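Engineer: Handing you a structure now.
The values are calculated or read from the model by the stated rules, or taken from the named source; none is laboratory data. Just so it is clear, the model here is predicted, and its values are computed rather than measured. Every residue, glycine among them, receives a Cβ derived from its backbone with ideal geometry; neighbour counts consider all protein chains shown. Calculation scope for accessible area: heavy atoms of the full protein, side chains included, ligands and nucleic acids excluded. Shrake-Rupley method; radii C 1.70, N 1.55, O 1.52, S 1.80 Å.
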Amino acid sequence: MNDPRRNTPRADAVLADPRLRAAAVRLGRPLVHAAVNGALASVRAGELAPDAAADAAVAALPASPASLRRVINATGVIVHTNLGRAPLSTAAIAAVHDAAGHTDVEFDVDSGARGRRGASVLAALRAAVPGAEAVHVVNNNAAALALMVFALAPGREVVVSRGELIEIGDGFRLPDLLTAAGAVLREVGTTNRTTLDDYASAVGPQTALVLKLHPSNYTVRGFTSSVPIRDLSTLDRPVVYDIGSGLLGPEPLLPDEPDVASALAEGVALVTASGDKLLGGPQAGLVFGRADLVTRMARHPLARAVRVDKLTLAALEATVRGPLPPVTVALRAPVAGLRTRAAAFVLDGVAVVDSAATVGGGGAPGVELPSVALSVPAEWARPLRLGDPAVVGRVANGRCLLDLRTVDPADDEALRAALNRLAGPANAGRPPAGPETS
Ligand SMILES: *Cc1c(COP(=O)(O)O)cnc(C)c1O
């Protein structure tokens with residue numbers, strides 16, 4: 001009998017394979033070595049022929065040294081936190097690409113001297129929201145709120161309604177963040193009703209700020225009341241409004257969703273928001289408002305710990321100055337256009353159905369956007385997720401729905417290819433999807 005251990009090729013002999021040498025340039029040596037070692041272990045175990053080691057190592061190589069994979073979001077949830085929230089626009093991706101190497105992020109090419117970091121992003125945001133005296137950008141909205149407490153309310157009271165003590169998701173609770181940063185929360189009102197008097201009688205010598213939080217993932221219905229921000233702004237303390245979603249101006253399709261320009265026009269001192277929800281840009285936290293307060297935040301020592309990198313600055317500026325980002329395009333896409341796209345997916349096992357998309361963790365809780373989905377057998381859901389690119393739909397009532405509102409039209413071809421693979425010969429004989437509404 002052949003002893004596989006004696007016939008196992010040497011690692012460097014396998015590594016000399018031109019395909020593996022090329023892969024070492026593309027992927028780095030450690031990943032190629034790991035693939036080769038895995039193949040050689042199989043040879044030693046007698047599971048693989050010695051002369052198949054190189055082929056097996058090549059087959060085991062990852063496509064990229066980074067493991068995040070491309071996903072087609074067919075969930076119908078426009079801002080899907082588990083899928084990376086907002087996808088960047090083509091213009092923002094190009095800006096990230098250009099800034100990825102050396103770039104003039106803090107350098108003035110004209111004078112050859114140091115330049116002000118992020119100056120042009122701040123100018124773009126100020127131009128987009130003329131009512132803001134000043135703007136500051138940090139890593140995310142949570143960082144903006146923490147920096148606000150550090151700079152404006154350390155050890156002091158922040159007055160907030162009991163109806164707005166919210167958990168964003170994954171156990172992240174805003175009240176915990178505010179107290180961890182050193183604020184003393186002064187809760188007023190009840191879960192369903194808070195009045196201006198509740199706020200007014202809580203404001204005292206220890207009060208630094210009044211905070212309003214937009215509940216971005218739930219609504220309170222029935223016997224409710226909250227105080228319009230115009231009235232809150234009459235209180236004798238700066239009002240900070242965390243709007244969450246990051247709309248810079250009103251969005252007609254989402255009339256109940258707050259926006260930066262309107263909030264400032266109604267008198268709040270500061271607005272905080274995320275960059276990667278309805279704004280449609282990279283992860284970032286945006287602060288707009290009174291120059292004295294923004295400056296105190298920007299100059300606080302902790303500002304350095306939450307500052308954004310050049311890639312974020314590049315993507316954010318391109319999002320604000322450039323063409324509409326995919327989030328806005330998806331939000332506003334007319335149903336007729338979705339129906340036309342759906343009609344191009346005529347395949348065995350695929351039916352076209354009416355659907356309802358949502359904005360998602362980014363805001364507009366309770367809002368349903370009319371949409372169109374491809375309905376495929378539920379058993380296709382897993383192979384679709386495991387494909388490249390991965391396709392993620394939502395499974396309901398024994399079907400997997402692929403909602404076209406959240407699929408970038410540029411990905412229709414890739415989606416069609418993924419479905420074609422599943423609708424192929426292996427599925428011949430499957431009963432047709434049956435009559436469904438369209
Ligand atoms: C999403 C959200 C946050 C957290 O924002 P991040 O950018 O994820 O840190 C804070 N407040 C509200 C109201 C939100 O909707």
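Engineer: Send over a whole-number figure in Å² for the accessible area per residue of the chain, probe 1.4 Å. List each step's numbers first, then the result.
Structural biologist: Details: 21380 Å² over 438 residues.
Computed with neighbouring chains in place, this is 49 Å² per residue.
Engineer: When DSSP assigns beta bridges and you keep just the ones with both residues in the chain, what percent turn out antiparallel, to the nearest 5? Can you show the working numbers first?
Structural biologist: Values: 28 of 51 bridges.
Of those bridges, close to 55 percent are antiparallel.
Engineer: A further question on this structure: What distance in nm separates the simple spin-label points at residue 83 and residue 397, each placed 7 Å from Cα in the Cβ direction?
Structural biologist: About 2.1 nm separates the two model spin labels.
Engineer: Ok, one more. What percentages, rounded to whole numbers, describe P(r) for the stretch 245-332 computed over all alpha carbon pairs with 5 Å bin width beginning at zero?
Structural biologist: 3, 13, 21, 24, 21, 12, 6, 2, 0
Engineer: Next question. In whole angstrom, note down how far apart the Cα centers of the stretch 275-291 and the stretch 373-399 are.
Structural biologist: Centre-to-centre (Cα) distance: 33 Å.
Engineer: Quick one: pull the percent of accessible area on the stretch 178-234 belonging to carbon and sulfur, 1.4 Å probe, ligands and nucleic acids left out. Each step should come with its number before you reach the end.
Structural biologist: Working: 1520 of 2930 Å².
Result for the stretch 178-234: 52 percent of the exposed heavy-atom area is carbon or sulfur.
Engineer: A follow-up question, please. Carbon-plus-sulfur fraction of the accessible area of the stretch 3-134, 1.4 Å probe, in percent? Kindly include the intermediate steps, with their values, before the conclusion.
Structural biologist: On the way: 4370 of 8010 Å².
With neighbouring chains kept in place, the figure for the stretch 3-134 is 54 percent.
Engineer: Moving to a separate point now. What whole number of Å gives the distance from the Cα centroid of the stretch 121-197 to the Cα centroid of the stretch 33-100?
Structural biologist: Value for the Cα centre distance between the two parts: 38 Å.
Engineer: Could you check which residue among 225, 120, 42 shows the biggest mean-square fluctuation in a GNM of the chain with a 10 Å Cα cutoff?
Structural biologist: Highest fluctuation of the listed residues: 42.
Engineer: Name the residues whose placed amide hydrogens come within less than 5 Å of the amide hydrogen of residue 212, ignoring near sequence neighbours (fewer than 5 apart) on the same chain.
Structural biologist: 240, 241, 242
Engineer: Just want the answer: with Cβ charges of +1 for Lys and Arg and -1 for Asp and Glu, which residue in 35, 23, 123 is farthest toward the dipole's positive end in the stretch 1-139?
Structural biologist: 35
Engineer: Follow-up. Starting from the alpha-carbon convex hull of the stretch 75-160, give the projected area averaged over all orientations, in nm². It would help to have the intermediate numbers written out before the result.
Structural biologist: On the way: hull surface 39.3 nm².
It is 9.8 nm².
Engineer: Using only the alpha carbons of the stretch 345-387, determine the length spanned along each of the three principal axes and report them from longest to shortest in whole angstroms.
Structural biologist: If we take the Cα atoms of the stretch 345-387, the spans are 35, 23, 14 Å.
Engineer: Which residue, chosen from 141, 63, 252, occupies the Cα position most advanced towards the positive end of the dipole of the chain, where the dipole is computed from +1 (Lys, Arg) and -1 (Asp, Glu) charges on Cβ about the Cα centre?
Structural biologist: 63
Engineer: Over the chain, with a Gaussian network built from C-alpha contacts below 10 Å, which listed residue (163, 112, 267) shows the highest mean-square fluctuation?
Structural biologist: Maximum fluctuation in the GNM of the chain, among the listed residues, is at 112.
Engineer: Per-residue counts of other Cβ atoms within 10 Å, averaged by peptide: what ranking do you get for 190-198, 169-177, 281-289, highest first?
Structural biologist: On the way: 190-198: 15.1, 169-177: 13.1, 281-289: 25.4.
Top of the packing list down: 281-289, 190-198, 169-177.
Engineer: Using only helices, what value at 222 nm comes out for the chain when you add -39,500 (n - 2.57) per DSSP H run of length 4 or more and divide by the total residues, to the nearest 500 deg cm²/dmol? Write out the running numbers ahead of the final one.
Structural biologist: Working: 18 runs with 154 residues, N = 438.
Value at 222 nm, helices only: -9500 deg cm²/dmol.
Engineer: So, one more: If you roll a 1.4 angstrom probe over the protein chains with everything in place, what fraction of the accessible area of the stretch 241-310 belongs to carbon and sulfur, to the nearest %? Don't skip to the answer; put the middle values down first.
Structural biologist: Working: 1350 of 2530 Å².
The C+S portion of the solvent-accessible surface of the stretch 241-310 is 53 percent.
Engineer: Could you tell me the convex hull volume per residue, in Å³, taken over the Cα atoms of the chain?
Structural biologist: Values: hull volume 89.7 nm³, N = 438.
Dividing the Cα hull volume of the chain by its residue count gives 205 Å³.
Engineer: Once you have the Kirkwood Rh of the stretch 173-276 from its Cα pairs, apply Stokes-Einstein at 37 °C and 0.692 mPa s and quote D in µm²/s. Numbers along the way, then the final one.
Structural biologist: Values: Rh = 14.7 Å.
Rounded, D is 224 µm²/s.
Engineer: Can you give me the long-range amide H partners of residue 134? Hydrogens built in the peptide plane at 1.01 Å from N, cutoff under 5 Å, separation of 5 or more residues or another chain.
Structural biologist: HN-HN under 5 Å from residue 134: 289, 291.
Engineer: Can you run phi through the Karplus equation (6.51, -1.76, 1.60; θ = phi - 60°) for the stretch 224-235 and list ³J(HN,Hα) in whole Hz, with x for Gly and Pro?
Structural biologist: In residue order, the calculated couplings are 10, 7, 9, 9, x, 5, 4, 6, 4, 5, 7, 5 Hz.
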